[in-house]
Amino acid sequence: MTTLAPAANHLVISVVDQEPFITREPRPSGDYYSGYLVDLINEISRRANFTYTFKQADEHGRYLSTGWTGIIGDVVKGEAQIGGGALTVTTKREEAVDFTKPYLSNSVNLLVQKPTWEDLGLGYLVRPFSADYWIMLLVVLLLIGIVFFVIGKFSPYEWGNVAADRDPRGAKNSFTLRNSYLFALSTITWQGFREAPHSLSGRIMAAFWWMFILFSLIAYTANLTAYFLARPEQIPKMPFKTYEDLLADTNIRVGVLLSGSTESLLRNSRSETLRSIYSKINAQNTFVGSYSEGAKRVKTSNGNFVMFMETDSAEYYARKNCNLMIYGDTIFPSNLAFAVRKGSVWKGIFNTIIEDLKDNGYLEQLKDKYWHFSGDCTNIDGRKYVETGGHLSSLPIYPITLKDMAVAILLLFLGFIAAMIFLVIEIVHYAVTKKGKKIERPKILKNPPKIFRPKTKAAKAGPTDVELGEEAGPSSDGLESVPLEDAEDPGAGSGDELRGDEAKA
């Protein structure tokens, strides 16, 4: 597309140094200009068929009692036909000059120093769970050992109350207090266990405990993996989160470009907080003469200096310096455009060309050249970071809380209630069905009584009869004395007589 220019086809364009829009490099042959706006003006001049020279201004422009200064003043006074710096369109400026269609949309954010990681050590391993969930786990572990011990002690069907002949593996002491905690800890680490509970109540408690541990371990492993994968996307927590916090923090100084549009917007803002921040800036006299000066102060401030800066400029410096980033809520949305004198024909010419460059993607390619490909730094946009458990992350990762694990906790609680109910049922059942039918064994006497039985004819006196004396010999009535425990039952006696008769036969 070719656009014819008016007869006077040489223009004076007033500019201010501001990377990456305008960069001036003094040379013996004269100043050399480069940057985003230089490329854009070259393309517009080629299409509109005009030549130009740059006029260096000292600032973008502000209104004083004597009139406008800087780029806006040059255009108003006729010393320049085009205001070509990175001019923000404001209502006050529109009263003095006309603006073309915008070539960039912009806003205002803070340029801050990116906090750096400290060595977390083993502390990184506790991040998947929140502090309240860790406390709950310790309490549950303390209680579950006591629960298994109580079941093992009072359940009549647990290993401690099983007869020895039915316990070939020696599991009698499997659920003492110490071994109950060993059982709980071994199941937490999925290391197995020697003996599972024997009673129904114990098995119910173990089943629900295992479900709770399964859910907890799966959640911990998955969230720890997410934390490790997202570690490059995380930064420590900032000392302030909102502009109200920034205003209240007396250790952090705030800067703004002197005579820029951001200064005017802060001073006249409808927000009381932003006006108070401007008063703080004015009281501390923390104005800066250029964005490059402000970026340098932010970089060397050890986090004690932040600066209000147009977002495009803040992004440029953050991509060049990896310890800087954009931060804070976006305020003062605005547009960047060229300034021309009121009623100038150049407004229409520039508007037509800018619209065409926007449609064919030239403006987007030009922005990529000077912003996205201008530096190697990543994770520069602190606005996308969210607070996740004491730090900031660009990915939505959060510690697991009690609310997240409500189902697992509910299952464990229901298991405890069910186990206690069945423990009571077991005790009552044993008392009713077993204790009433139990036959007490007679106590063994120290000196059991003796009974007497007649000697058989086949019995012969052995040599021991003499040695035993009267105590072991026959009594005066011819009966032999034997202890009670050696007495035979009637059935056994009948068998002996039968065998005696068979011998005689």
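The values are calculated or read from the model by the stated rules, or taken from the named source; none is laboratory data. Note that the structure is a prediction, hence the values are computed from the model and not measured. Virtual Cβ from ideal backbone geometry, glycine too; neighbours counted across all protein chains shown. SASA here: full protein model, heavy atoms, side chains in, ligands and nucleic acids out. Shrake-Rupley method; radii C 1.70, N 1.55, O 1.52, S 1.80 Å.
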message: Checking the structure you have, find out if any residue of the range 314-332 is under 30 Å from ALA48 (Cα atoms) and open to solvent by less than 40 Å² (accessible area, probe 1.4 Å).
response: yes
query: Can you find a residue in the range 356-374 that is closer than 29 Å to GLU263 by Cβ, open to solvent by less than 30 Å² (accessible area, probe 1.4 Å) and not aliphatic (A, V, I, L, M)?
result: yes
task: Need at least 3 residues that are touching a strand residue (DSSP E or B) at 6+ places or on another chain (Cβ under 9 Å) and under 17 Å from GLU310 (Cβ atoms) per element, so show me which strands (runs of 3 or more DSSP E) inside the range 16-127 make the cut, counting only ones lying wholly within it.
output: 104-113
- request: Mind listing whichever residues of the range 350-383 are of a type in the set (Ser, Thr, Tyr) and in a helix (DSSP H, G or I)?
  value: THR352, TYR362, TYR370
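When you check LEU410 against the structure, is it in a helix (DSSP H, G or I) and open to solvent by 80 Å² or more (accessible area, probe 1.4 Å), yes or no?
Yes; evaluated as a whole, the condition is true for this residue.
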- prompt: Looking at the range 206-251, which of the residues that are modelled with pLDDT under 85 and assigned to a helix (DSSP H, G or I) is surrounded by the most Cβ atoms within 10 Å (Cβ to Cβ)?
  reply: TYR227
- request: Could you check ASP165 against (1) modelled with pLDDT under 90; (2) among the acidic types (Asp, Glu); (3) not in a helix (DSSP H, G or I) and say which number it fails?
  value: (3)
- prompt: Are there any pairs with C-beta distances below 8 angstrom linking a residue in the range 415-432 that is open to solvent by 50 Å² or more (accessible area, probe 1.4 Å) to a residue that is of a type in the set (Ser, Thr, Tyr) and modelled with pLDDT of 95 or more, with the two at least 6 apart or on different chains, and if so which?
  reply: none
task: Could you tell me whether GLY30 is in contact with a helix residue (DSSP H, G or I) (Cβ under 8 Å, 6 or more places away or on another chain) and either at pLDDT 95 or above or small (Gly, Ala, Ser) (or both)?
output: no
query: Taking the range 269-278 only, how many residues are in a helix (DSSP H, G or I) and open to solvent by 10 Å² or more (accessible area, probe 1.4 Å)?
result: 6
message: Let me spell it out: the conditions are (1) modelled with pLDDT of 90 or more; (2) open to solvent by less than 50 Å² (accessible area, probe 1.4 Å); (3) assigned to a loop (DSSP other than H, G, I, E, B), and LYS342 meets all of them except one. Which number is the exception?
response: (2)
field: The one condition in (1) in a helix (DSSP H, G or I); (2) under 30 Å from ALA406 (Cβ atoms); (3) open to solvent by less than 30 Å² (accessible area, probe 1.4 Å); (4) modelled with pLDDT under 85 that GLY160 fails to fulfil
entry: (2)
- prompt: Do you know which of the residues in the range 254-268 that are outside any strand (DSSP E or B), among the hydrophobic types (A, V, I, L, M, F, W, C) and within 39 Å of the chain's Cα centre (by Cα) is modelled with the lowest pLDDT?
  reply: LEU265
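Residue by residue, here is whether (1) aliphatic (A, V, I, L, M); (2) in contact (Cβ under 8 Å) with a residue 12 or more places away in the chain; (3) over 28 Å from ALA57 (Cβ atoms) holds:
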residue	(1), (2), (3)
THR242	no, yes, yes
ILE252	yes, yes, yes
THR262	no, yes, no
LEU266	yes, yes, no
ILE281	yes, yes, no
THR311	no, yes, no
ARG319	no, yes, no
ILE331	yes, yes, no
